[in-house]
1. Could you tell me whether SER113 is modelled with pLDDT under 95, in contact with a Gly (Cβ under 9 Å, 6 or more places away or on another chain), among the hydroxyl-bearing types (Ser, Thr, Tyr) and surrounded by 14 or more Cβ atoms within 10 Å (Cβ to Cβ)?
2. In the stretch 94-120, what residues are within 20 Å of TRP67 (Cα to Cα) and either aliphatic (A, V, I, L, M) or in contact with a helix residue (DSSP H, G or I) (Cβ under 9 Å, 6 or more places away or on another chain) (or both)?
3. Can you confirm whether VAL73 is β-branched (Val, Ile, Thr), under 26 Å from ASP24 (Cβ atoms), out of contact with any Cys (no Cβ under 9 Å at 6 or more places or on another chain) and surrounded by 14 or more Cβ atoms within 10 Å (Cβ to Cβ)?
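The values are calculated or read from the model by the stated rules, or taken from the named source; none is laboratory data. On a predicted model such as this, the values are computed, not experimentally measured, just so you know. Glycine also receives a Cβ, built like all others from the backbone with ideal geometry; neighbour counts cover every protein chain displayed.
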Amino acid sequence: MKKLLLLIITLCFLSNAYAQPSNDNYTLTIKKGKEVKERGKVFWAIPVTLTNSSKDTLKYYSMSCSWQEFYDVDNLNLNVEGVPCDKNIPEILQLAPGQRKTVILRLELTGNSSKINFRVGLNLIHYSGKWMHGWDLPHSPKNMIWSNQITMEREKE
């Protein structure tokens, strides 16, 4: 009986250690951005806004340089642009109740489609009070919050 109780306590502890608060109180919205042509590639610079609708301050993980790694797009004709960087470390961002934070996410067009429907997702990993290294951050579909869908068209040459 003692072993069973110890096993149950251990399992409860492990499940709480990696439990992620609900993302129901946070919304991600995107708007049409501008087209940028650089180095023979075409990018769309998309404003992405995270809103905290909860009554508590949101504390969540990001990276000092490669923050784009937390974002994804649901269309295979687009890729989130990665940025090479040095001294990339995890950081904890805060968003007060009712507050919004907007970033410009650059999406590289990889296909030939001229008109593309897409959403942007954010892998929102709540800060649990325990510091994690970048390689320890739990990238999981259950942490993902998705934006509204928009349609953009390539500029005519």
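1. No.
2. Across the stretch 94-120, the qualifying residues are LEU95, ALA96, VAL103, ILE104, LEU105, ARG106, LEU107, LEU109, VAL120.
3. Working: β-branched (Val, Ile, Thr): yes; under 26 Å from ASP24 (Cβ atoms): yes; out of contact with any Cys (no Cβ under 9 Å at 6 or more places or on another chain): yes; surrounded by 14 or more Cβ atoms within 10 Å (Cβ to Cβ): yes.
Yes, satisfied.
To keep it simple, each residue is scored yes or no on (1) more than 21 Å from LYS32 (Cα to Cα); (2) without any contact (Cβ under 8 Å) to a residue 40 or more places away in the chain.
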position	(1), (2)
GLN68	no, yes
VAL73	no, no
ASN79	no, yes
ASP86	yes, yes
SER114	no, no
LYS142	yes, no
